[in-house]
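Where a number appears in this text, it was derived from the coordinates with a stated rule and is not lab data. Small disclaimer: the values here were computed from a predicted structure and weren't measured. Please note: Cβ atoms are built from the backbone with ideal geometry, for glycine as well, and neighbour counts cover all protein chains shown.
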Amino acid sequence: MLRALIVLLLLANLAFWAWHHEDVAQALGLPRHSDREPERLARQINPQGVRLLTTTTASGPGVAPCMETPALTAEAAAALGRALRQAGLAAERWTELRRETGGRWAVVFGRDEPAARLERRLAQVQELKLDGAEPAIVEGSLRLGSFTSTEAAERQLQGWQQQGLRGAQVLTLEAPRTEVRLRADGLDAARWAALKTATPADGPAWAACAP
């Protein structure tokens, strides 16, 4: 009995040893047992489907960690802010970025006049040889120069009047305005979903922040 037990233990040890030696196991037809390559590669499941997630893709489809609205008027930005707060999003969830855009003014001579009369006005202005004037017929008026502030336009008009110009006036080409963008940083999928849900259907479209 003891001799049979010893023989069984010996055979078990030999089988275990053979199983862990690939050449012997292969010759004896035993299952292979190895953590080496390429066996581990062969056991991978769909390895081509593995991809690294960037911060943007991890946040969810169509969302970047930083999203902002297009340029809005101060009134539109205030309305959107109220809608976000009413939806339960605290003000610290977004930031207001403001930018003042300067207006443009021009000194013009005549408005909505026939082309023939504007040509006569142009000839009159050229005879005056006004300092710094750049006369040009634009949109039904004779424009003598454009300026970035109403004060500069008025000052130049007074100087030209001293040189004999009559009938000219300052015209606002583009009024100054305040542009506002709402910007949300540190977004993940959950915060983006809340922000998008809180934005009214007729509100501005959010887009990834400009670099």
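Tabulated values for the structure
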item: Entirely in the range 87-201, the strands (runs of 3 or more DSSP E) that have 3 or more residues that are over 30 Å from Cys66 (Cα atoms); result: 104-109, 136-138, 141-147, 168-174
item: Options Thr69, Thr73: the member that is surrounded by fewer than 15 Cβ atoms within 10 Å (Cβ to Cβ), of a type in the set (Ser, Thr, Tyr) and touching a residue at least 60 places away in the same chain (Cβ under 8 Å); result: Thr73
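Yes/no per residue for (1) surrounded by 15 or more Cβ atoms within 10 Å (Cβ to Cβ); (2) touching a strand residue (DSSP E or B) at 6+ places or on another chain (Cβ under 7 Å):
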| position | (1), (2) |
| --- | --- |
| Arg98 | no, yes |
| Leu144 | yes, yes |
| Gln158 | no, no |
| Gly167 | no, yes |
| Arg181 | yes, yes |
